[in-house]
Amino acid sequence: GGLWHYTRDLPRPCLSRSDPSETDTREDFRYMTGTIRKAVLPVGGLGTRFLPATKAIPKEMLPVVDKPLIQYGVEEARKAGIEEIIFVTSRGKAAIEDHFDHHFELMATLEARGKSKELELASAMEATAGKISFTRQPQALGLGHAVWCARNLVGREPFAVILPDDLVLHPEGCLAQLVAAYNEVGGNLVAVEDVPREQTMKYGILDVVQDPEGEKGGRLVRAKGLVEKPKPQEAPSTLSIIGRYILQPEVFDELDRQDKGAGGEIQLTDAMARTIKNQPFHGLRFQGRRFDCGSKAGFLEANIAYALEREDLRDTARDIIKRYGDKS
Ligand code: G1P
């Protein structure tokens with residue numbers, strides 16, 4: 001079956017305060033348990049950094065080699081054991097819904113022509129009914145607002161967020177690494193990587209707790225604060241958030257305030273920062289190479305890197321690179 005024919009019997013999460021089966025003695029372990037079943041993928045952005053390509057099609061549908069960006073995000077979620085995908089969309093994003101739907105005419109035609117490989121490719125991302133939802137962000141008020149729009153679909157359980165612009169090349173994906181770390185430390189977690197100091201104003205930045213583990217090459221760092229897009233001279237570190245998160249539902253309570261932050265937007269970073277007083281917050285230095293596919297250079301590099309990973313394209317890609325490299 002496809003991506004979604006996934007029948008592992010998962011335990012119910014037990015993190016919600018409103019869960020009557022939860023007794024007080026569990027409280028100490030609140031952040032140690034709970035399966036991450038749902039992922040929120042905000043896809044409401046206008047794609048202004050990628051015009052003219054994104055004038056009439058969602059930027060999430062731009063292909064890296066032969067697969068739309070959004071499909072990499074969904075496949076990464078699937079590899080991490082996620083069962084339900086929640087897209088936060090906006091006007092003009094219908095192609096994303098169609099991409100994960102059953103396309104009867106295409107399937108029937110491929111079947112009739114005996115094109116089994118193509119049939120497999122076209123059906124692999126079909127969602128099981130009820131395992132995929134779309135909700136709208138009516139106005140582009142920021143990432144925090146986009147995630148908040150999914151609050152009723154998520155409910156009171158820990159959940160993942162994937163920003164499909166950030167592509168991570170790694171056999172298991174980035175989210176699976178976060179889930180594994182979450183099973184150790186619980187609480188809130190984000191994927192992080194060090195960026196050159198002059199780039200801090202493009203990211204959420206961690207204010208880290210004294211980090212002897214990290215200095216010894218440990219992959220988890222604990223944060224005591226977060227700042228969205230600080231100027232290089234004001235950044236508390238150079239450890240930046242990339243688009244993978246595991247969050248406790250309490251972040252929605254912070255987002256309810258609808259406070260505006262950097263750029264006049266409702267920032268997820270600010271809401272997460274306010275949870276730190278009550279819940280542990282960690283960054284995970286993930287393994288794998290990350291590409292910012294929201295930028296043209298990052299997108300171009302991702303296409304090259306992913307082509308080189310593909311057995312059927314590797315030699316061709318190498319030849320092309322060599323030819324153009326020689327011309328410089
Ligand atoms: C968003 C977040 C930022 C994070 C980044 C990762 O920013 O607000 O904290 O570091 O994604 O890609 P954006 O890229 O949407 O401006």
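Just L62, L308, L141 to compare: in a GNM of the chain, with alpha carbon springs under 10 Å, which one fluctuates most? Looking only at L62, L308, L141, the biggest GNM fluctuation is shown by L308. The trypsin sites (Lys or Arg not before Pro) of segment 265-309 that meet both conditions, a loop assignment by DSSP and at most 13 other Cβ atoms within 10 Å of the site Cβ, are K277.
Averaging 1/r over each pair of different alpha-carbon atoms in segment 220-292 and inverting the result gives 13.5 Å, the Kirkwood hydrodynamic radius. Sorted on the mean count of surrounding Cβ atoms within 10 Å across their residues, most packed first, peptides 164-173, 258-267, 142-151 read 142-151, 164-173, 258-267. Could you give the Stokes-Einstein D for segment 44-129 in µm² per second, using the C-alpha Kirkwood radius, 20 °C, 1.002 mPa s? Answer, rounded: 150 µm²/s. With Cα atoms defining each centre, segment 253-328 and segment 150-188 are spaced 14 Å apart in the structure. Calculated on the alpha-carbon coordinates, the convex hull of segment 88-190 measures out at 147 cubic angstrom per residue. When each of the peptides 126-139, 65-78 is scored by the mean number of other C-beta atoms lying within 10 Å of its residues, the order from highest to lowest reads 65-78, 126-139. Each peptide in 219-232, 109-122, 89-102 receives the mean, over its residues, of other Cβ atoms within 10 Å, and ordering these scores from highest gives 219-232, 89-102, 109-122. Set against the 2.2 N^0.38 Å expectation for a compact globular protein, the chain has a Cα radius of gyration ratio of 1.02.
Read-outs throughout are calculated quantities, based only on the coordinates presented, and are distinct from any laboratory measurement. Not measured: the values here are computed from a predicted model. Heads up, the Cβs are rebuilt from the backbone with ideal geometry, glycines too, and the neighbour counts pull from every protein chain shown.
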